[in-house]
1. Considering every Cα-Cα pair within the chain, what fraction, in whole percent, is farther apart than 29 Å?
2. Modelled label-to-label distance, residue 117 and residue 45, 7 Å Cα→beta-carbon offset: nm?
3. How would you rank 135, 50, 176, going from fewest to most other Cβ atoms within 10 Å of each one's own Cβ?
4. Please arrange 155, 8, 117 by how many other C-beta atoms lie within 10 Å of their C-beta, fewest to most.
5. Taking only Cα atoms, what is the 0 to 90° angle, nearest 10, from helix 47-64's long axis to the longest principal axis of the chain?
6. May I ask you to list the chymotrypsin sites (Phe, Trp or Tyr not before Pro) in segment 1-101 that are in a DSSP loop and have at most 11 other Cβ atoms within 10 Å of their Cβ?
Amino acid sequence: MSAVFTATRHKLTVAAYHDLGATGHLTEDDRVELIEGELIDMAPIGGPHLTSVNRLNMFFARSIGDRGIVSVQNPVILGRHSEPQPDLVILAPHMNARDAGVSIPKDVLLLIEVSDTTVAYDRGTKLPLYVRHGLEDVWLFNLRSDRIEVYRAPTAAGYAPMREIGPGESIAMLALPDVRLAWETVFA
């Protein structure tokens with residue numbers, strides 16, 4: 001009796017992913033991110049998503065000043081096999097150094113995903129990744145329901161119950177509590 005072959009997937013590491021860029025196999029025009037060792041095509045950016053990211057960028061740049069870095073659609077290394085590109089991340093001020101490199105969880109003050117066509121993917125794939133790496137303040141702007149979903153207090157079982165922010169409400173960053181975003185900033 002012969003053994004049955006079971007195919008296994010080869011997971012890319014973050015280093016191998018970077019090598020694909022360095023050798024020209026991936027370029028800036030390739031809209032992919034590394035999730036759990038696999039290259040994932042990113043959804044196209046347009047319309048309300050683009051406007052929402054721009055509004056968030058403007059709000060946080062004005063509100064934070066030199067107390068943090070607003071990083072738009074740039075990567076965050078999460079362990080050995082993942083390098084997602086969230087829509088917006090507020091990074092600690094030291095990430096402004098010329099040699100700072102790609103951010104890692106300890107550099108992240110707030111991570112934001114803006115979701116229109118990607119709500120299920122962001123909740124089902126990205127949020128579990130973020131909680132596993134201890135990201136303490138994650139906001140998902142759900143453009144389909146016009147709500148801000150706030151995820152905090154990561155544990156081994158996941159985030160504490162999600163809090164939704166709607167019209168007339170606002171939410172403050174954990175790391176910079178004086179930075180308070182009103183729902184209307186993005187959705188009005």
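Rule-based calculations on the coordinates, nothing more; no lab input. For clarity, every value in this text was computed on a predicted model and none was experimentally measured. Here the Cβ is made from the backbone with ideal geometry for all residues, glycine too, and neighbour counts use every protein chain on show.
1. That tail contains 23 percent of the Cα-Cα pairs.
2. Label-label distance for residue 117 and residue 45, simple model: 1.5 nm.
3. 50, 176, 135
4. Details: 155 9, 8 6, 117 12.
If I rank by nearby Cβ atoms, fewest first, I get 8, 155, 117.
5. 60 degrees
6. Values: sites: 5, 17, 59, 60; in loops: 5.
Taking segment 1-101 and a limit of 11 other Cβ atoms within 10 Å, the loop chymotrypsin sites (Phe, Trp or Tyr not before Pro) found are 5.
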